[in-house]
Amino acid sequence: MDKLKKGNIVLLVIIVMGVIPFVLGCMISSPVFKNFVGGDSWIGFWGSYLGSIVSGMITLFVLFKTLESNKKDLEQTFIENKRIQQRQEKMDYCDKIIKLSSSYANDVIDELIRAKEYLEQQTEECYKEYNLARGKAVRTNNELMLTMSVKEEDCYYCGNKKYDDLCLKITERTGWLEKEINNLHKKIQANESIDTELEQLESLHKKYDDEIFKTFQNDFNCATEELVKNNLKIN
């Protein structure tokens, strides 16, 4: 629509520029006009007048073209700056995911180590150390999940099912382990027999310990790397 309007304006200007000289030529060549005023003076006046109009129109045309070009340059610059900003934001996001994922994996391992120490020694100090490690792992996991959930509705970012499944899997296992350790601690405090519970818990811990140390670390690192690569590919 804008191009059509501009075309009509240009056509109108061309027609006007063609008609005015023709009309003026007819007027100047008329005997009545020559008798009324000096023909040569009017020719000079109209020549200068029309020259000024043409010069002004050319200046306006160049000005409009310059403004149009500047507008396109500004729009392109804005788009490019936005792309650079989005890229930087994505790199910051991926960097945070890497750091939190690494911290979470280490926290889970530390949690299991503290759990093992408590099962072996069954002291109040070991129980406190376990709870501190457990609390740290939970906080790191919460921050990790919050960081990712903020981007869930943003099409500029993507998730990774394998990564999500591993996070859920380890959260469920450590949560169940915490529940059993707390129950064991209550029985110890009440001076109740814990032989059966302790044997079952030690077996469960060994299973989770082997699973996490042998497979979880490697799988989680691979899933994190895949998540980051996929996000950096999105433009």
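The values are calculated or read from the model by the stated rules, or taken from the named source; none is laboratory data. The shown structure was predicted, so the numbers you read here are calculated from the model rather than taken from an experiment. With ideal geometry, Cβ positions are generated from the backbone for all residues, glycine too; neighbour counts draw on all protein chains shown. These area figures cover heavy atoms from the full protein model, side chains too; ligands, DNA and RNA do not enter into them. Shrake-Rupley method; radii C 1.70, N 1.55, O 1.52, S 1.80 Å.
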Filtering the stretch 170-190 for residues that are farther than 20 Å from Ser101 by Cβ and part of a helix (DSSP H, G or I) leaves a count of 14
Within the stretch 188-235, residues closer than 18 Å to Ala115 by Cα, open to solvent by less than 60 Å² (accessible area, probe 1.4 Å) and more than 32 Å from the chain's Cα centre (by Cα) come out as Ile188, Ile194, Leu198, Leu201, Leu204, His205, Tyr208, Asp209, Asp210, Glu211, Ile212
A careful count of residues in the stretch 120-168 that are in contact with an Asp or Glu (Cβ under 9 Å, 6 or more places away or on another chain), surrounded by 14 or more Cβ atoms within 10 Å (Cβ to Cβ) and assigned to a helix (DSSP H, G or I) gives 15
When (1) open to solvent by 50 Å² or more (accessible area, probe 1.4 Å); (2) at pLDDT 70 or above are applied to Met27, the one that fails is (2)
